[in-house]
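The values are calculated or read from the model by the stated rules, or taken from the named source; none is laboratory data. What you see is a predicted model; the values in this text were computed from it and never measured. Here the Cβ positions follow ideal geometry from the backbone for every residue, glycine too, while neighbour counts run over all protein chains shown.
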Amino acid sequence: MEKVIVKISNAIPRQGHLQFENPVNWTLKSDQHWALIGENGSGKTLLVDLLMGKYALKSGDIICKDTDGNNLRSSAIIKSVAFSDIYSIIDAQNSYYQQRWNKGDEQDVPVVRDLMETEDQAWLNTLLDWFQISELMEKEVNTLSSGELRKFLIVRSLLSKPRVLILDNPFIGLDAPSRIVLNDLLTRLSLLERLQVVLVLSNIKDIPDMITDVLPIHNKRIYPEMSRVDFMLDNDLKASLFPIRRKPDISFIKENGKISTPSFQYAAVLNNIQVVYGQRTILKDLNWTISRGEKWALLGANGAGKSTLLSLICGDNPQAYANNITLFDKKRGTGESIWDIKKRIGYVSPEMHLYYLKNVKSLDVVGSGFFDTIGLYRKCDSSQEKVALEWMQIFGVEHLKDIPFLYISSGEQRLVLLARLFVKNPDLLILDEPLHGLDGQNKKMVKEIIEDYCDSDKSLIYVTHYEEEIPDIVDKRLVLIKNN
């Protein structure tokens, strides 16, 4: 017999900017596994935050019950997992983005094993086997790749055997084999007694077969719930959830002379690169030359060393000085500062997103791109602020300019960080999984912006685990093989 586990009745948040179009009503029963589906900024994360008690209610009720029918706080029966949950694991406010590359600074960073404490060792071993992550147990948490981090967070959340598991965009950042593993695992979890799964998704194709019910959300409006089968057949509804957007126009920026011709022959030349941490060899005997105007895809499995390689180019990894690296025709270690390097590079990555904890208004986040800082420590002048607003308009987030960065959805945050990297007119774009967490229409838009910006003289390094996300202008590939 089905039982009600979670029931939200006529809930209205106290703060006006958090309110949906109508009072929130939703029921989760013991025979259901849900997908909350909608575009970036539609209200999916807001709904989860309401359920978890993050925001006070003006009216309405949220009831959560255990298997015996007793009323409990949502946190007692529900585990919600999002990429940002790493904040609660490492002291991200007192650590810093480059710390993962600076060995010797990580003495206060725990290893994975330290955070997997449980009295049920057999259950932990089962989860490690299911997720195929036993080899991560001795790694520092802040050295995990974005894909490894997601798998770790999910396993950690399952240790307490929650009644409800909410996963926010669990597939992003995973390579193809890991996506298959996660899909199979979700099916396995759906068959467990006393566990209901709720997925928060921005892409319809990510809805797995184990989902029974779908809750569509658009522009803070919650549509009637429906079965997964009915939802997948309703093409009109799917189209209304993800409306087609016009192609962004950056011609006015080019016409105003803000995209200039770079003066160098090679964006990067790397010879016989070696990166070793303790007993682990990350990169060995790697050679790579990126000429001006070349467009590269950097590919490889989770943990293959893609982010490490990019950290050498961007000047974030001190091992760059122990290697033979030339950037923009200047050999590293011959007098240039890290800021000389960064001012010519536009860079975004899941790890950068993770460490951007500065709760300043979104316009200031975009403006910080002029100074290559995590946070705005120098005030933009009027011309810089104008450029920042222009790029926010191009990415469709100008309406967020005065809203604090940490108050917008993760997909909206990604668009703000993408606008940030373009403001200084970089000669080399390094885009490490830039479409992380974006819905299908936003992915299409960002690809078009990249293709329009990267003319014959601009260089590009593009990292993704999805073949369809690679821009059409990319015609060269480097595939890294994970060292054992």
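Here is how the numbers come out for the structure above:
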{"read-out": "Qualifying residues in the range 176-226 (those that are of a type in the set (Ser, Thr, Tyr) and in contact with a helix residue (DSSP H, G or I) (Cβ under 8 Å, 6 or more places away or on another chain)) - the one surrounded by the most Cβ atoms within 10 Å (Cβ to Cβ)", "value": "SER202"}
{"read-out": "Answer residue from the range 281-302, given it is out of contact with any Lys or Arg (no Cβ under 8 Å at 6 or more places or on another chain) and surrounded by fewer than 19 Cβ atoms within 10 Å (Cβ to Cβ) and is nearest to GLN132 (Cα to Cα) among those", "value": "THR281"}
{"read-out": "Subset of the range 43-73 [of a type in the set (Gly, Ala, Ser) and either surrounded by fewer than 18 Cβ atoms within 10 Å (Cβ to Cβ) or touching a Pro at 6+ places or on another chain (Cβ under 9 Å) (or both)]", "value": "GLY53, ALA56, SER59, GLY60, GLY69"}
{"read-out": "Options LEU28, LEU36; residue that is under 18 Å from the mean Cα position of the chain (by Cα), under 19 Å from PHE231 (Cβ atoms) and in a strand (DSSP E or B)", "value": "LEU36"}
{"read-out": "Close pairs (8 angstrom Cβ cut-off, 6 or more residues apart or separate chains): farther than 17 Å from PHE370 by Cβ in the range 386-405, among the charged types (D, E, K, R) and buried (at least 19 other Cβ atoms within 10 Å of the Cβ) anywhere", "value": "VAL397/GLU412; LEU400/GLU412"}
{"read-out": "Residues satisfying the stated conditions in the range 116-167, i.e. hydrophobic (A, V, I, L, M, F, W, C) and in contact with a Lys or Arg (Cβ under 6 Å, 6 or more places away or on another chain)", "value": "PHE131, ILE133, MET137, LEU165"}
{"read-out": "Positions within the range 294-322 being part of a loop (DSSP other than H, G, I, E, B) and either at pLDDT 95 or above or aliphatic (A, V, I, L, M) (or both), in sequence order", "value": "GLU294, ALA301, ALA304"}
{"read-out": "Residues (under 19 Å from ARG163 (Cβ atoms), among the hydrophobic types (A, V, I, L, M, F, W, C) and in a helix (DSSP H, G or I)) located in the range 174-203", "value": "LEU185, LEU186, LEU189"}
{"read-out": "Boolean, ASN235 is assigned by TED's automatic domain parsing to the domain that holds SER160, surrounded by 12 or more Cβ atoms within 10 Å (Cβ to Cβ) and more than 19 Å from SER30 (Cα to Cα)", "value": "no"}
{"read-out": "Condition met for ASP213 (farther than 20 Å from LEU47 by Cα and either of a type in the set (Lys, Arg) or in contact (Cβ under 8 Å) with a residue 60 or more places away in the chain (or both))", "value": "no"}
{"read-out": "Criterion violated by ASP213 - all others in (1) over 21 Å from the mean Cα position of the chain (by Cα); (2) modelled with pLDDT under 95 satisfied", "value": "(2)"}
{"read-out": "Residues satisfying the stated conditions in the range 382-414, i.e. of a type in the set (D, E, K, R) and in contact with a helix residue (DSSP H, G or I) (Cβ under 9 Å, 6 or more places away or on another chain)", "value": "GLU385, GLU390, GLU398, LYS401, ASP402, GLU412, ARG414"}
